[in-house]
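Here, each number is a calculation from the coordinates, and none is a lab measurement. The structure displayed is predicted, hence computed values, not measured ones. Positions of Cβ are backbone-derived with ideal geometry, glycine not excepted, and every protein chain shown enters the neighbour counts.
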Amino acid sequence: MDWRSKWVRVESVKGARRSSNLFWAFLLVLGALGFILVGFSSYLERDLIPFLPSQQIVFIPQGIAMCFYGIAGLFLGSYLWCTILWDVGGGYNQFDKREGIVCIFRWGFPGENRRIFIQFPLRDIQAIRLETREGIYPRSALRVRIRGHQDIPLAHTGEDLVLGETEEKAAESARFLGVSIEGL
């Protein structure tokens, strides 16, 4: 959905609808169902799943613990599925030079403030800020620094962009807006 012209730039922001989230949600629910079925199998003293023998699992305390972990996994899995269905964090960034306005829209959790819409003048942008974090899971975040306000993220914090791609995106945004880049 990215759209660019001489005066207007619209960039889509991916929310929770990512293939990695779908994979983990599916795996979490599947594992939780396995735990619950093994726990119930130990209670009934009968194998509900043919390839998971449960004769060696005593219902108290092991079967109860497995049922508890299964129920907890189902709660976590349903939370993750809900964030995927609602596309929490998804939206767009719109920079309009003609009107001199920046609009940032994101979807939140259902309720009174589901639609998050921030609008401010283009002249209030001080810089594009690039944050990088090294380590086992290196991450980079792109934010816009606004005069008198907190920095606003331009890309989802979980978006896995390579540092070079993030730098290129920051340079394009800074060039379009006519501001500097911080954090390089």
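Please list, by residue number, every one of the trypsin sites (Lys or Arg not before Pro) in the range 89-141 that is coil in DSSP and has at most 14 other beta-carbon atoms within 10 Å.
On the way: sites: 97, 98, 106, 114, 115, 123, 129, 133, 139; in loops: 97, 98, 114.
Here the trypsin sites (Lys or Arg not before Pro) that fit, given the DSSP loop and packing criteria, are 98, 114.
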Could you tell me how many cubic angstrom of Cα convex hull volume the range 20-86 has per residue? 74 Å³
J(HN,Hα) series, the range 14-25, from Karplus relation 6.51 cos²θ - 1.76 cosθ + 1.60, nearest Hz, glycine and proline x: 6, x, 7, 7, 10, 5, 5, 5, 4, 4, 5, 5
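Take the Cβ-Cβ distance between residue 72 and residue 134 as r, set R0 to 30 Å, and report the resulting FRET efficiency rounded to the nearest 0.05. Walk me through the numbers before you get to the answer.
On the way: r = 33 Å, r/R0 = 1.10.
About 0.35, to the nearest 0.05.
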Compute the length gained on full extension between residue 24 and residue 10: take 0.36 nm times their separation in residues and subtract their Cα-Cα distance, giving the result in nm to one decimal. 2.0 nm
Listed residues 130, 37, 52; largest mean-square fluctuation, Gaussian network over the chain with Cα springs below 10 Å, found at 52
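When the chain is fully extended, how far beyond the present Cα-Cα distance does residue 101 get from residue 62, taking 0.36 nm per residue of separation? The partial results should precede the final answer.
Details: separation 39, 0.36 × 39 = 14.04 nm, distance 5.99 nm.
So the chain would gain 8.1 nm between residue 101 and residue 62.
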Pick out which of 86, 107, 24 has the largest mean-square fluctuation in a Gaussian network model of the chain, springs linking Cα atoms closer than 10 Å. 24
Within the chain, longest stretch clear of exposed GluC sites (Glu not before Pro) (DSSP loop, no more than 14 other Cβ within 10 Å): 46-98
In this structure, the FRET efficiency calculated for residue 182 and residue 112 from their beta-carbon separation, with R0 = 30 Å, to the nearest 0.05, is 0.30
Charge dipole of the range 6-105 about the Cα centre (unit charges at C-beta), most positive-ward option of 28, 42, 10: 10
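If the chain between residue 92 and residue 175 were fully stretched, how many nm would it gain, using 0.36 nm times the residue separation less the Cα-Cα distance? All intermediate terms of the calculation are to be shown ahead of the outcome.
Working: separation 83, 0.36 × 83 = 29.88 nm, distance 1.89 nm.
Full extension from residue 92 to residue 175 adds 28.0 nm.
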For the chain, built as a Gaussian network whose Cα springs stay under 10 Å, the top-fluctuating residue of 135, 15, 164: 135
